[in-house]
Amino acid sequence: MNLAKGLQRIMVTAIIKRKNKYLLVQRSKNNKTYVGYWQFPEGGIEYGETPLDALAREIKEETNLSLINAKLLWVYSSTLYPLKIGLHIIRIFYSCKVSGKITLSKECEKYGWFNKKEITNLKLIPGLNWEELKEII
């Protein structure tokens with residue numbers, strides 16, 4: 001890989017559903033990019049970490065919820081330019097069952113439960129490909 005062209009990141013994304021609504025979090029000012037944008041709980045896989053371990057860690061870090069089980073839904077690749085350098089993101093989407101009470105981390109400003117139509121109207125983080133994802137979940 002030519003680092004002059006950009007970086008690559010593999011991420012896990014949690015699709016958490018309750019009563020036909022999905023949990024999304026809004027990025028806070030503590031993030032370097034996309035402040036105020038909405039996203040599903042997600043984050044990067046750290047070196048040596050399995051995708052499921054990363055998924056459980058990210059859900060816990062962002063929402064304080066505990067992962068009970070997860071089912072692979074979809075893998076999607078996108079390229080973004082958040083800091084004037086290319087960022088190739090491979091997102092691994094999981095349908096997740098969780099437990100606990102939501103307490104947000106400093107990375108998140110607020111959270112909400114939204115149906116598919118409401119999600120369409122949110123300012124979503126780039127590279128999510130909501131048009132395809134909404135047909136899968």
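A few remarks follow.
- Placing a label point 7 Å from the Cα of E118 along the Cα-to-Cβ direction, the residues of the stretch 11-25 whose backbone N falls under 18 Å from that point are 15-25.
- Most mobile listed residue (L24, L80, L104) in the chain, GNM with C-alpha springs under 10 Å: L80
- Charge dipole (debye, nearest 20) of the chain; +1 at Cβ of Lys and Arg, -1 at Cβ of Asp and Glu: 420
- Taken about its Cα centre, the stretch 4-60 carries a charge dipole of about 380 debye when Lys and Arg each add +1 at the Cβ and Asp and Glu each add -1 at the Cβ.
- Antiparallel %, DSSP beta bridges [both residues in the stretch 6-125], to 5: 70
- Positive dipole terminus of the chain, leading residue within L7, V25, T79 (C-beta point charges): V25
- Acute angle (nearest 10 degrees) that the helix 51-63 long axis makes with the longest principal axis of the chain, alpha-carbon atoms: 70
- Spin-label pair Y47/I90, simplified geometry with 7 Å Cα→Cβ offset, distance in nm: 1.8
- Taking every C-alpha pair closer than 8 Å and separated by at least 6 residues, the mean separation divided by the residue count of the chain gives a relative contact order of 34 percent.
- Exposure proxy for V25, V75: other Cβ atoms within 10 Å of each Cβ, ordered fewest to most, give V75, V25.
- Selection among S95, N115, I136 by position relative to the dipole of the chain gives N115 as farthest towards the positive end (Cβ unit charges, Cα centre).
- Pairs with C-alpha atoms separated by more than 30 Å, drawn from the list K84/K117; K19/K106; K21/K60; K97/K117, are K84/K117.
- Kirkwood Rh, Cα atoms: Rg over Rh of the chain: 0.94
No lab work stands behind these numbers, since they all come straight from the coordinates. Small disclaimer: the values here were computed from a predicted structure and weren't measured. Neighbour counts are summed over all protein chains in view; Cβ atoms, including those assigned to glycine, are modelled from backbone coordinates with ideal geometry.
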